Amino acid sequence: MKKKDKKRLIQLVIAGLIVIGGYITTEYWSDDFHSPMKIESDDIETYSGKPYVVVNDNEPYFTKDDLTTKSFERYSELDELGRCGVAYANVSEKTMPIEKRGSIGQVKPSGWQTIKYDFIDGKYLYNRCHLIGYQLTGENANEKNLITGTRYMNTEGMLPFENQIADYVKETGNHVLYRVTPIYEDDNLVADGVLMEAMSVEDQGLDIEFNVFVYNVQPGVTINYKNGESHITK
């Protein structure tokens, strides 16, 4: 039986388990107990030229108990080094913004450096990367949702997956469980990358399902993840 067929059978069996709700909650965590698992930098394949790598056969670490149609957003408290933790949401039309994004320049994520290279689109090496994209939850200058990320990670790695979720929600009106976990090595202030998990709720992942690690790299640039400093790769 094909994977999609199995999922359709699961859908018929557990459809009644989904809790129907109509409001949004925003929560902040004091720890990372909502992390999918303890993932270390050494567990991720070395960057080899592609912006992301598939993890766990592309299946997210959600369980059937996570399935709900209650819209919510949850953001971890910053740790003792000022670093962001897990960001988790059940994305729906209710969580999406109804106004244009405002300024976020006042936020200085851990490891932030203002650096330019002429060969980078837009020239700036780093963006203030939303863990959960603005188009999904409307979080603007939320320091618990912004990390120091390369232009490459932001646009080539994360954005296509964010667009996939946004398009699906707009077209169907359904919900998508979405969790983004920044992965740091030791006490580094800049993340090696982010683990992105998503699953469409109403059909238990038939339309949207992925689990990928997106690398926080920039081709042609060597990054010091301890403090965000960088130089052109020789």
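Some notes on this structure:
- Residue within the range 172-182 that is more than 25 Å from Arg83 (Cβ to Cβ) and crowded, with 21+ Cβ neighbours inside 10 Å present: yes
- Taking the range 152-191 as the range and being over 13 Å from the mean Cα position of the chain (by Cα) and of a type in the set (Asp, Glu) as the test, the residues that pass are Glu156, Asp167, Glu171, Glu185, Asp186, Asp187.
- Strands (runs of 3 or more DSSP E) contained in the range 168-234 and holding at least 1 residues within 23 Å of Lys70 (Cβ to Cβ): 176-183, 193-200, 209-215
- Asn127 touching a helix residue (DSSP H, G or I) at 6+ places or on another chain (Cβ under 9 Å) and closer than 23 Å to Ser76 by Cα: yes
- Residue within the range 152-161 that is more than 16 Å from Glu59 (Cβ to Cβ), part of a strand (DSSP E or B) and modelled with pLDDT of 95 or more present: no
- When we screen Lys70, Lys50 for residues that are in a loop (DSSP other than H, G, I, E, B) and farther than 22 Å from Asn154 by Cβ, the only hit is Lys70.
The values are calculated or read from the model by the stated rules, or taken from the named source; none is laboratory data. Because the structure is predicted, anything quoted here is derived from the model rather than measured. As a convention, Cβ positions derive from the backbone with ideal geometry for all residues, glycine included, and neighbour counts pool all protein chains shown.
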